[in-house]
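Below you'll find the structure, written out as structure tokens, and then a few comments.
Every number here is computed from the coordinates shown, using simple stated rules; none is lab data. Here the structure is a predicted model, which means the values were calculated and not measured. Here the Cβ positions follow ideal geometry from the backbone for every residue, glycine too, while neighbour counts run over all protein chains shown.
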There are 2 protein chains.
Amino acid sequence: MTDFTVMETLHIPADTKIVHLVLDGLGGLPRELDGKTELEAAATPNFDALAARSQLGLAVPVRPGVTPGSGPAHLGLFGYDPIRYEVGRGVLSALGIGFDLQPHDVAARGNFATVDEEGLITDRRAGRIPTEYGQKMVELLRGIQLPGVQVFVEVVKEYRFVLVVRPTAGQTLHGNIADTDPQKVGVPSLPARARDEASEATAELVNDWITAAREVLRDHAPANSLNLRGFAKDPDFPKFPDIFGLKAGAIATYPMYRGVAKLVGMEVLPVAGEAVEDEIETLREHWDEYDYFFFHVKKTDSAGEDGDFERKASVIAHVDEVVVPAILDLQPDVIVVTGDHSTPSALKSHSWHPVPTLLWSSYCRPDGVAEFGERACGRGSLGVFPASDELPLALGHALRLTKYGA
Amino acid sequence: MTDFTVMETLHIPADTKIVHLVLDGLGGLPRELDGKTELEAAATPNFDALAARSQLGLAVPVRPGVTPGSGPAHLGLFGYDPIRYEVGRGVLSALGIGFDLQPHDVAARGNFATVDEEGLITDRRAGRIPTEYGQKMVELLRGIQLPGVQVFVEVVKEYRFVLVVRPTAGQTLHGNIADTDPQKVGVPSLPARARDEASEATAELVNDWITAAREVLRDHAPANSLNLRGFAKDPDFPKFPDIFGLKAGAIATYPMYRGVAKLVGMEVLPVAGEAVEDEIETLREHWDEYDYFFFHVKKTDSAGEDGDFERKASVIAHVDEVVVPAILDLQPDVIVVTGDHSTPSALKSHSWHPVPTLLWSSYCRPDGVAEFGERACGRGSLGVFPASDELPLALGHALRLTKYGA
């Protein structure tokens, strides 16, 4: 586990640059055909050549056996133990749709629901209404105003939306509020109950909003009611640049990853399009401005989620062909290649498997294995290690940590 | 991390003997020539033969990416987590020059400095005066007396010295005192300010000494002033023999290592000279008296610090030729060979790289690799592990731990 006090005490300025290349959901599982994983099956001459000069290992995103969501998985890569540094669901949902969450906002996940005439829930997901229907309901809800706060309602997908309450009168809102969703049908929703004294005023505001919202939705069955869950605020973590002494730039095209990077205090850089070529352009443009770059590739994960082995392998091959040479051209001092978690196409979902990881610097001790893949990494000299060790290791190899003790 | 409570509860008496052979700064980096590290390049037939019957692994001295000083690195080898068990700089400095520190002493690092007529610092290192000049200043300072305490001043090197204050009137001194060094020039020194109430009387004594010392130094520019840093006392750690149930003898020729061994409660054995042959003689003489021997070899580190790849390799080869057979002749039950940290000659300094480590006992599971080197250890069955696990592992293999639970 990273001890931030140690990192904060030891980091020193240096001219070195670190690139953290994250292929989302990189880890995979063998297909029966030839027993190779997506990464092993992909044509990756550049990764393999880099591996020959690198150390390899397997990164455990959260804990052994635990499958992480994208938020916790990225916190691990950024050096934060995801169990200790927990981000509320409401905040993750807001980040996931690219909402520009402010430090004092309280966010919650919302579900449209169906209730009967007595107010008892008959469907917790409002018959899984299409997103267009959800969007219309969200627009109706935007008419509701509350004193002293600004209220944002944003559609996520189908019956899901995000509610954000922002103080405008200098007051402090608090998010320690219980879910209104009773998690079963045939019963009424629960009130938004404060779990501590500080959250009571905010809970009252939220209950006023819920009452008004149900009034607005009354005639819009199946979305004639709603529930709120996962109330949370920006957890105000220690900031990445302070912990590690790195000016950090984040390059990612999807809202969730940009959001988590912003949450830990990285600067999120503009990317012109959704392709890795656009991300490379951003990396080149801002190369001189930052010590550390988080470079995120989304499509490996999407292909894994779709269960498309070949597509995942070809995304990896494309990164190998296009991204790796571009990074090497810029002559960074340390390169870490990894994923935030595994997304084996065999499982069509995130998984708990540790993630193949490569660490290169001119001060690393190469394993001498010219192959980047799950099995090669399983024999690597980095061993099986917590993903949150990647940042301290990168700092060491970037000559950015002074000696501990005499 | 070692849980001392577990060790204290489980250790049982046995007739077995453990030798912990520590080659200081053992870990290295490949030279470009043939891609071999110092250890890999050295002729080590005895280590290799022992490796074939041993388990191999890589020990992390403090935390991944963190480069340790000698003090913390040895605490790790002795089973103490060096982050939890921190030793103050003043104490490490006193140990480093072989000062016979007592449990109630308060020690500080001192720097001679140059100040202008207004008392503003113009050089925090007094123009890096030669050691002989520092020695003369130290002798002048020895004339200063304080009521109720004995004061020791000892030269370290160039502008550096150690101040030790020892109570003689039964009172207790406290070392939670801030540095007087403002860490920049153009400003006056700070007073020695107590950081807690208990340390106020000691801080007052120290300030009296500083005032008298500056008076003594007044006409000795560039050493016409001084600063004190890193005030500390013996941290009074749990003692090694109590934790592990081992009567422990330390064999080392350099003051720092003898000092740290003494700090944790080992008995420091006399060595006739500075050569490993002298250390072997000590090991033989005291073989029957102890359960555990810490056997320290300094010259691997010195060669690494000098950037001398060949010399470091030849020190390793000499240990292989002379020390290993001598240890085997004595028929210990467990042998651990490791370093306290890496000192790659390519870096000319301590480094963060994990340390090649070998564990032999007739109850180990041999990896069957007849080679002791960084890469072989990187594939070893001990994996990448905290150095503070070495003692518990050694105890287990020495049949010195009873079953935990029923």
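Remarks
- Under a Gaussian network description of chain B, with springs only between Cα atoms under 10 Å, the residue in B:Asp278, B:Asp196, B:Asp236 that fluctuates furthest is B:Asp196.
- √(5λ) per eigenvalue of the Cα gyration tensor, chain B, largest first, Å: 41, 24, 18
- GNM top mover of A:Thr202, A:Thr300, A:Thr122 - chain A, alpha-carbon springs below 10 Å: A:Thr122
- Two-site label geometry, A:Asp329 and B:Asp308: point separation in nm, points 7 Å out along Cα→Cβ: 4.6
- Sparse packing (at most 14 other Cβ atoms within 10 Å of the Cβ) combined with a DSSP loop state is found for the following GluC sites (Glu not before Pro) in the range B:41-130: B:Glu117, B:Glu118.
- Among residues other than B:Pro188 with Cβ under 13 Å from its Cβ, the summed charge is -1 (Lys and Arg +1, Asp and Glu -1).
- Each Cα pair under 8 Å and six or more residues apart adds its separation to the average, and for the range A:66-213 the resulting relative contact order is 20 percent.
- Computed over the protein assembly as shown, the percent of Cα pairs more than 54 Å apart is 23.
- Prolate/oblate/rounded call for the range A:48-140, Cα gyration tensor, a/c under 1.5 rounded: prolate
- Label-reachable residues, the range A:361-396, where backbone N falls under 18 Å from a point 7 Å from B:Asp34's Cα toward its Cβ: A:366, A:368
- Rounded, prolate or oblate (a/c below 1.5 giving rounded, otherwise prolate when a/b exceeds b/c) for the range B:268-406 by Cα gyration tensor: oblate
- The range A:202-249 and the range A:273-342: distance between their alpha carbon centers, rounded to Å: 32
- The residue in chain B that lies nearest, by its beta carbon, to the axis linking chain B with chain A is given here with the distance in whole angstrom as B:Gly383, 3.
- With its label point put 7 Å out from Cα toward Cβ, B:Gly396 sits 2.2 nm from the same residue's point in the other copies, in order from shortest.
- Fraction of beta bridges assigned by DSSP in chain B that are antiparallel (%, nearest 5): 65
- For A:Leu358, net neighbour charge (Lys/Arg +1, Asp/Glu -1) across residues whose Cβ lies under 11 Å away: -3
- Taking every C-alpha pair closer than 8 Å and separated by at least 6 residues, the mean separation divided by the residue count of the range B:35-100 gives a relative contact order of 19 percent.
- Modelled spin-label separation between A:Glu215 and A:Gln171, with each label point placed 7 Å from Cα along the Cα-to-Cβ direction: 1.8 nm.
- GNM top mover of B:Ala108, B:Ala232, B:Ala14 - chain B, alpha-carbon springs below 10 Å: B:Ala14
- Anisotropy class of the range A:1-108 from Cα gyration tensor, a/c 1.5 cut: oblate
- Helical contribution to [θ] at 222 nm, DSSP H n ≥ 4, -39,500 (n - 2.57), averaged over chain A, rounded to 500: -8500 deg cm²/dmol
- Hits among aspartates and glutamates - C-alpha to C-alpha of B:Lys136 under 14 Å, sequence gap 8 or more where chains match: B:Glu154, B:Glu158, B:Asp219
- Virtual spin-label span in nm between B:Arg195 and A:Lys239, 7 Å along Cα→Cβ: 2.5
- Considering the range A:1-57 at the alpha-carbon level, its Rg and Dmax are found to be 17.2, 51 Å.
- Rounded to the nearest 0.05, the FRET efficiency derived from the C-beta distance between A:Ala178 and A:Trp287 at R0 = 35 Å is 0.15.
- Summary value for chain B: 35 percent relative contact order, contacts being C-alpha pairs under 8 angstrom separated by 6+ residues.
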